[in-house]
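The values are calculated or read from the model by the stated rules, or taken from the named source; none is laboratory data. It should be emphasised that the depicted structure is a prediction, and the values quoted were computed from it without experimental measurement. Because the Cβ atoms are built from the backbone with ideal geometry, glycine has one as well, and the counts that use them run over all protein chains shown.
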Amino acid sequence: MAVRMKPLKVQSDASKTGMDEARRRRFWAKAKQEELKLSSLEGGLISRDIVKRGIIRNYQRVKDQLLNMPARYAAIFAAESDQRKIHDLWTKELHKTLKEISDVRRFY
């Protein structure tokens, strides 16, 4: 019975270069991944989901405040005849609400 030998595969320079490039890219990808993990552990990175939930929660709060403004001030405005006072109250409340949007610490 004859033993059949498989032919020896010889890598061409092109495939070796491709393998070297793949190894190099893998090395740098792992290094980048480790940097991101370290930054996350040190508190330098915040999860995208946490930020997204914070933004949604903040805008929901602002929306609720804006929609509740008429109910909160209807009686005051109805009783007030001085347009300047109404304007000042309304402006103050709008600024207060809009300031909350700009406070990024409230996102988290």
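Criterion first (farther than 23 Å from Lys92 by Cα and either modelled with pLDDT of 85 or more or assigned to a helix (DSSP H, G or I) (or both)) does Arg26 satisfy it? When the stated conditions are applied, Arg26 passes them.
Out of Gln60, Gln33, one residue alone is loosely packed, with under 11 Cβ neighbours inside 10 Å, within 19 Å of the chain's Cα centre (by Cα) and in the same structural domain as Glu93 (by TED's automatic domain parsing). It is Gln60. For segment 1-23, filtering for residues that are of a type in the set (Gly, Ala, Ser), modelled with pLDDT under 85 and surrounded by 10 or more Cβ atoms within 10 Å (Cβ to Cβ) leaves 2.
Among the residues of segment 29-63, those identified as among the charged types (D, E, K, R) and either within 24 Å of Leu98 (Cα to Cα) or outside any helix (DSSP H, G or I) (or both) are Glu42, Arg48, Asp49, Lys52, Arg53, Arg57, Arg61, Lys63.
Out of Leu38, Leu66, one residue alone is surrounded by 13 or more Cβ atoms within 10 Å (Cβ to Cβ) and hydrophobic (A, V, I, L, M, F, W, C). It is Leu66.
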